[in-house]
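Read the structure below first, then the notes.
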Amino acid sequence: MIQYNRFELSNGLRVLVHEDNSTPMAAVNVLYNIGSRDESPTRTGFAHLFEHLMFGGSAHIPDFDDPIQLAGGENNAFTNSDMTNFYDVLPAQNLEIAFWLESDRMLSLNFDPKVLATQQKVVVEEFKETCLNQPYGDAWHHLSDLAYHVHPYRWPTIGLEPRHIEEATLDEVQDFYFKYYRPNNAILVVSGNVKTREVRALAEKWFGDIPPGVVPARQLQPEPPQDALHRRISEANVPLDAFYLAFHMPGRSDKDYYAADLLSDVLSHGQSSRLFRRLLKEKQLFSSVDCYVSGSLDPGLFIIEGKPNPGVSIETAKNAIWEELEMLKTQPIPDAELQKLQNKVESTLAFSETSVLNKAINLAFFELLGDANLINEEAQLYRDVTPADIQRLAQQILAEANCSELIYLKKNDPAPIAEPTLVQESTVS
């Protein structure tokens, strides 16, 4: 059980504190309720750009790395479709350094044109390196575009194209900052060898005077149900042919999320999982096969990806996957198989609670979901899943009409797909 205290400043900043005197360290986590789903379709990648800009200096701190390193700590950040998260880990006796750093960039980020130009180049190079020049690197661009036609999950966190970042103006960047990086759109969590009264005093001292903003109301159109197979074929410079099957699934706050997550574990979690054991080891159809969920707040994707062994056609490999999926729809999984997976999940959750940083990040995430105490209830929510739930979710999710299919063909190789006509993209009714 993770105990925590919660309070809110007058400017709307939510603060959670977990006291843990078993460690000399403290983690300070600041989550902003802004992700790529909040971007304009013509200016995608802004949330990720800000992850970089927030390390570019502020009014009183030209460089964030030096102070935190001198204090014996480290910091970093991550961005996804739903949020942007910054964290610092340092000796608890130097806790105030992290408050100084985080509050200064929340209050007065440095909007120097040179800083913007530098970070634009960094982000564009990252786009090129990870998406354009990496085998299968543009998979998420294809899958997002195939699976989503209305919801802003239709572009990946890094953005639709480099041009959106290259053409960003200083005025646009400032406007984005003052809309979203406000205390009333943030959650501050401190975990470690701290006292709540100390954290409250530091929060009031460093964050209390930061004015709140007028955060735009989020009005996202829900993605309509998919009613036909979406398919795209890409000839690319890849070492092996590959395919991705992406199925729409419940969002993170839906109780059925836990059954869907365990369903992915049934297929691909360790060497005893069904896809690994049956299709990779026994039938030797794949060089690699995986299954995972996006875990997004709004309804997300359940993804299966596989790279067939040389000499195995895409069609043969796909058919083998579909046979496994049909089996899950028609035959409830044995209680022992489910219990083994639930035990693994519970041990993973318990292990994550040994880190002050993980506890800070998770408390912030569940507070964003609407109830920080879910951090203590999540293991039981997985325990409550039954074989009937797994079968029901398999029937509900793993349908061809609910699937977006991406196929990579190694360039210059004959297409190993047993279909009458090879098309670049299609919707199959």
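The values are calculated or read from the model by the stated rules, or taken from the named source; none is laboratory data. Keep in mind that what you see is a predicted model, and the values were worked out from it rather than measured. Cβ coordinates were reconstructed from backbone atoms using ideal geometry, including for glycine residues, and neighbour counts include every protein chain displayed.
A few notes on this one:
- Hits in region 50-88 (condition: in contact (Cβ under 8 Å) with a residue 24 or more places away in the chain and of a type in the set (Asp, Glu)): Glu51, Asp82, Asp88
- So Val385, is it touching a Leu at 6+ places or on another chain (Cβ under 7 Å), in a loop (DSSP other than H, G, I, E, B) and either at pLDDT 95 or above or among the β-branched types (Val, Ile, Thr) (or both): yes
Okay, residues lined up against (1) part of a helix (DSSP H, G or I); (2) more than 30 Å from Leu229 (Cβ to Cβ); (3) touching a Gly at 6+ places or on another chain (Cβ under 9 Å):
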residue: Phe99; (1), (2), (3): yes, yes, no
residue: Gly137; (1), (2), (3): no, no, no
residue: Leu143; (1), (2), (3): yes, no, no
residue: Leu146; (1), (2), (3): yes, no, no
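- Scanning region 89-112 for residues that are in contact (Cβ under 8 Å) with a residue 60 or more places away in the chain and among the small types (Gly, Ala, Ser) gives Ala92, Ala98, Ser103.
- Restricting Arg231, Arg182 to residues that are among the charged types (D, E, K, R), at pLDDT 95 or above, within 23 Å of Trp322 (Cβ to Cβ) and buried (at least 18 other Cβ atoms within 10 Å of the Cβ) narrows the list to Arg231.
- Number of positions in region 100-122 that are under 26 Å from the mean Cα position of the chain (by Cα) and of a type outside the set (Val, Ile, Thr): 10
- Residue selected from region 291-343 under the condition touching a Gly at 6+ places or on another chain (Cβ under 7 Å) and β-branched (Val, Ile, Thr), by the criterion surrounded by the most Cβ atoms within 10 Å (Cβ to Cβ): Ile321
- Residues within region 180-201 that are in a helix (DSSP H, G or I) and either under 22 Å from the mean Cα position of the chain (by Cα) or under 22 Å from Asn358 (Cβ atoms) (or both), tallied: 5
- Pairs where the first residue, in region 1-14, is over 11 Å from Asp209 (Cα atoms) and free of Cβ contacts under 8 Å to residues at least 12 places away in the same chain and the second is surrounded by 15 or more Cβ atoms within 10 Å (Cβ to Cβ) and of a type in the set (Val, Ile, Thr), C-beta under 8 Å, 6+ apart: Glu8/Val15
- Exactly one residue among Val123, Val173, Val115 is touching a residue at least 60 places away in the same chain (Cβ under 8 Å), touching a His at 6+ places or on another chain (Cβ under 7 Å) and crowded, with 16+ Cβ neighbours inside 10 Å, and that residue is Val123.
- Residue within region 69-80 that is modelled with pLDDT of 95 or more, farther than 30 Å from Val150 by Cα and aliphatic (A, V, I, L, M) present: yes
- Among the residues of region 27-48, those that are in contact with a Leu (Cβ under 9 Å, 6 or more places away or on another chain) and either over 21 Å from Leu220 (Cα atoms) or among the aliphatic types (A, V, I, L, M) (or both) comprise Ala27, Val28, Asn29, Val30, Leu31.
- Residue check, Ser426 of a type in the set (S, T, N, Q), at pLDDT 95 or above, under 12 Å from Arg231 (Cβ atoms) and in contact with a strand residue (DSSP E or B) (Cβ under 7 Å, 6 or more places away or on another chain): no
- The single condition from (1) part of a helix (DSSP H, G or I); (2) touching a residue at least 60 places away in the same chain (Cβ under 8 Å); (3) farther than 30 Å from Ala372 by Cα; (4) touching a helix residue (DSSP H, G or I) at 6+ places or on another chain (Cβ under 7 Å) that Tyr153 fails is (3).
- Condition check for Leu109: modelled with pLDDT under 95, buried (at least 19 other Cβ atoms within 10 Å of the Cβ) and in contact with a helix residue (DSSP H, G or I) (Cβ under 7 Å, 6 or more places away or on another chain): yes
- Residue within region 31-53 that is buried (at least 20 other Cβ atoms within 10 Å of the Cβ), part of a strand (DSSP E or B) and modelled with pLDDT of 95 or more present: yes
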